[in-house]
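Here's the structure, in structure tokens; my notes come after.
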Amino acid sequence: MSQSTTTNKGYLPYDPTEILSGGEMDEAHIVKSAYLIAILAVLVIIFGVWAWFGQVDEVSTGTGKVIPSSREQVLQSLDGGVLTELPVQEGQRVKLGQVVARLDPTRSESNVGESEAKYRASLSASIRLDAEVNNRPLVFPASLQSYPDLLAAETHLYQSRRDQLTQSMRQLQDSMSLINRELTITQRLAKTGAASSVEVLRLQQQQSDIALKITDLKTHYYVDAREQLSKANAEVASLAEVVRGRSDSVSRLTIRSPVQGIVKNIKVTTIGGVIAPNGELMEIVPVDDRLLIEARISPRDIAFIHPGQKAMVKITAYDYAIYGGLPGVVETISPDTILDEEKPEIY
């Protein structure tokens with residue numbers, strides 16, 4: 001029997017090519033991992049630098065409304081009255097100074113007329129007394145020439161007072177003349193012994209008394225005239241202010257628009273309706289004016305807002321995605337919070 005033994009020469013347990021290809025794959029994997037780690041490290045560094053030096057914008061939002069820079073003009077009646085004319089309606093465009101309402105002037109004009117009459121009386125009395133004090137002819141200004149009855153009364157009073165002074169002075173002067181003649185005769189007789197010196201002294205005393213009466217008469221006349229003049233001047237000044245104030249009240253009964261704008265929110269539309277003192281009549285929205293946004297911001301966001309800061313305004317009537325917004329700049333910030341009367345919120 002033959003026993004054959006077979007030996008496999010030239011074969012190894014692993015293929016050398018497979019070992020080489022596996023080593024190349026591990027090396028490529030290590031290289032890729034190193035690249036990935038390096039990229040991640042760079043990203044971490046970049047993120048760290050950005051986190052240290054970068055800034056994140058804080059967006060604050062709020063609601064508001066568009067208003068003119070001069071705001072809506074509220075027309076009021078200081079004294080109130082009865083509405084007699086309303087030539088405008090809501091939505092109508094009005095010009096600066098255009099009449100928008102009239103109130104009944106009857107009562108106010110009556111008050112003005114009464115005050116003017118008192119003023120003219122005091123003024124004419126002041127002019128008369130000034131002529132008396134300065135001893136000059138009485139002349140009235142042209143502004144009083146339309147009131148002849150008043151001028152006639154003051155002229156008569158002026159003349160009667162002067163006539164009374166003249167008559168009293170003449171009587172005293174006549175008495176003085178008699179005393180002077182009697183004193184002269186008595187002094188001659190006293191020199192010859194036909195009259196006593198006592199009689200001379202008596203006549204001299206009468207002479208001094210009459211001279212004193214003349215002085216007192218003039219002094220009393222002019223002092224009294226000056227006192228009356230001072231009172232009359234004070235009344236003239238006071239009544240002039242009253243007339244000016246009441247005339248202003250009459251002019252305020254014609255209500256005019258303070259701006260060019262559009263009529264809004266008419267409070268009283270009934271002719272003959274009563275407007276209370278300081279009552280609102282209507283509002284005028286200015287046009288051709290710079291527009292502002294009155295925004296309401298939560299107090300917790302106010303620390304991130306300052307004047308000069310840029311803002312973006314979104315108009316709710318237009319789609320922001322289509323039309324975009326309006327760029328703006330913060331002008332002012334309210335120094336205090338505002339409580340909404342309709343909603344229990346603070347802005």
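Among residues other than Arg120 whose Cβ falls under 12 Å from its Cβ, what is the net charge (Lys/Arg +1, Asp/Glu -1)? Don't skip to the end; give the middle numbers.
On the way: positive: Lys118; negative: Glu114, Glu116, Asp149, Glu154, Glu235.
Neighbour charge sum, excluding Arg120 itself: -4.
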Exercise for review: Find how much the distance from Ala237 to Gln167 grows on full extension, using 0.36 nm per residue of separation minus their present alpha carbon separation; answer in nm with one decimal.
Suggested key: 21.7 nm
Revision key, fill the gap. Around Leu165 (Cβ within 10 Å, Cβ-to-Cβ, excluding Leu165; K/R +1, D/E -1) the net charge comes to +2
**Study point:** Sequence of Phe47, Phe140 once ranked by neighbouring C-beta atoms within 10 Å, starting from the fewest
**Key:** Phe47, Phe140
Practice item. Measure off 7 Å from each Cα along the Cα-to-Cβ vector at Ala153 and Ala38, then give the distance between these two points in nanometres to one decimal. Key: 11.7 nm
**Study point:** Cα Rg, Dmax (largest Cα-Cα span) when computed across the range 276-333, Å
**Key:** 16.3, 50
Study note, to complete from the structure: Contact order relative to length for the range 106-251, counting C-alpha pairs under 8 Å separated by 6 or more residues, stands in percent at 44 percent
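Go through Lys267/Lys314; Lys95/Lys264; Lys65/Lys264; Lys65/Lys310; Lys95/Lys267 and tell me which ones have a Cα-Cα distance over 24 Å in this structure. Please report the intermediate quantities before stating the final value.
On the way: Lys267/Lys314 32 Å; Lys95/Lys264 14 Å; Lys65/Lys264 16 Å; Lys65/Lys310 18 Å; Lys95/Lys267 20 Å.
Over 24 Å apart, Cα to Cα: Lys267/Lys314.
Around Thr186, under 15 Å between beta carbons, what's the net of Lys plus Arg minus Asp minus Glu among the other residues?
Details: positive: Arg181, Arg188, Lys191, Arg202; negative: Glu182, Glu199.
Every neighbour counted, the sum reads +2.
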Check your understanding: How large is log10 I(q)/I(0) at q = 0.17, 0.21 Å⁻¹ when the Debye formula is applied to the Cα atoms of the range 106-251, each weighted equally and without solvent?
Key -> -0.96, -1.19
Check your understanding: Pulled fully out, how much extra length does the chain show between Gln205 and Arg181, if you take 0.36 nm times their separation in residues and subtract their Cα-Cα distance?
Key -> 7.2 nm
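Highest mean first, how do 220-229, 186-195 rank when packing is the count of other Cβ atoms within 10 Å averaged over residues?
Values: 220-229: 15.1, 186-195: 12.6.
Top of the packing list down: 220-229, 186-195.
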Exercise for review: Tell me the label-point distance for the pair Ile322, Val49, using the 7 Å Cα-to-Cβ offset, in nm and rounded to one decimal.
Suggested key: 4.5 nm
Review point. Cα-based Rg (one decimal) and Dmax (whole number) for the range 196-347, in Å?
Key: 37.7, 131
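Bear in mind these aren't lab numbers, they're just calculated from the coordinates by the rules spelled out. Remember, predicted model here, so these are calculated numbers, not experimental data. A quick note on method: Cβ atoms are made from the backbone with ideal geometry, for glycine too, and the neighbour counts reach across all protein chains shown.
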